[in-house]
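Let me begin by presenting the structure, written as structure tokens, before commenting on it.
No value in this document is a laboratory result; all are computed from the given coordinates. Nothing here was measured: the structure is a model prediction, and the numbers come from that model. Reconstructed Cβ throughout: ideal geometry from the backbone, glycine too, with neighbour counts over all protein chains shown.
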Amino acid sequence: MKYPKIRELIEAVKSLISKPYTSGYPFKPHTPEKKFRGKPEYHKDSCVGCAACSEVCPAGCIKVIDSTDSDKPSRKLELHLDSCIFCGQCQAACITQEGIRLSDKFDLAVFDRNEAIESIEKELVLCEGCGCLVGSKDHLVWVAKKLGPLAYSGPTAYLSALKDLKLAYLKIEKPEELTRQDRVNILCPKCRREITLET
Ligand code: SF4
Ligand code: SF4
């Protein structure tokens, strides 16, 4: 076609005198829209270390690393931002609703992938019978608070709450053999079943 179409000509003139649709970033700061899904961030005080966010992450970018052999058993939740797809499933599934939230941060480029890892650490509670993992300390306390008076129907829940209030203390030595009196301890389901059924 020899001459441009009239419609294209009008569009070209309009674009010369109107504001651009795109933002001026990176030359000007950019504020994302209200519901923009940016970098997920852990909030230490609200996260209880339950690992539900890791279970639902479709990209598998939240790694759970449990260290149960050390003097201070701990759980590390590692968020690998270089694989995050910003879907928001971690935030939606967070049991406290505040443990992990998507921020409006979007400028996440790094040269070294290790710089794209963020982590949070939580204390773990082990079974006082066999030493296997029961859960994170904050998670057990959260469950006890959620249950309220019903927590007193299970020693693991109410002892976790009492220990958090410093009204009960962890036994240091593990018993040689579980006896009936060990029922009033923090125990894994297997040990509790053994004590209840076999002693
Ligand atoms: S936003 Fe989606 S991909 Fe990113 S950490 Fe959360 S669940 Fe995983
Ligand atoms: S409390 Fe929320 S952020 Fe923390 S581990 Fe559980 S689901 Fe993840």
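For the chain, the longest principal axis of the Cα atoms and the long axis of helix 137-147 meet at an angle of about 90 degrees.
Taking only DSSP H segments of four or more residues, each worth -39500 (n - 2.57), what value at 222 nm results for the chain once the sum is divided by all its residues, to the nearest 500 deg cm²/dmol?
Numbers: 6 runs with 53 residues, N = 199.
Rounded to the nearest 500, the figure is -7500 deg cm²/dmol.
For the chain, with the dipole built from +1 on Lys and Arg beta-carbon atoms and -1 on Asp and Glu ones, taken about the Cα centre, which of Cys61, Ala109, Leu9 lies farthest toward the positive end? Farthest towards the positive pole: Leu9. For the range 32-126, the number of Lys pairs with C-alpha atoms closer than 28 Å, counting only pairs eight or more positions apart or on separate chains, is 22.
Net charge of the neighbourhood of Gly49, taken over other residues with C-beta under 9 Å away and scored Lys/Arg +1, Asp/Glu -1, is 0. Helix 189-198 and the long axis of the chain differ in direction by around 20°, with both axes built from C-alpha atoms.
Please report the relative contact order for the chain, taking Cα pairs under 8 Å with a sequence separation of at least 6, and give it as a percent rounded to a whole number.
Values: 281 pairs, mean separation 36.0, N = 199.
Answer for the chain is 18 percent.
Taking the C-alpha atoms only, the angle from helix 155-164 to the longest principal axis of the chain is near 70 degrees. Placing unit charges on the Cβ atoms only, positive for Lys and Arg and negative for Asp and Glu, gives the chain a dipole magnitude near 1080 debye about its Cα centre. A prolate overall shape is assigned to the chain, the ratio a/c of its alpha-carbon gyration tensor axes (a ≥ b ≥ c) being 1.5 or greater and a/b exceeding b/c. Fully extending the segment from Leu165 to Leu108 would add 16.5 nm, taking 0.36 nm per residue of separation and subtracting the current Cα-Cα distance.
Per residue, the convex hull around the alpha carbon atoms of the range 130-199 comes to 89 Å³.
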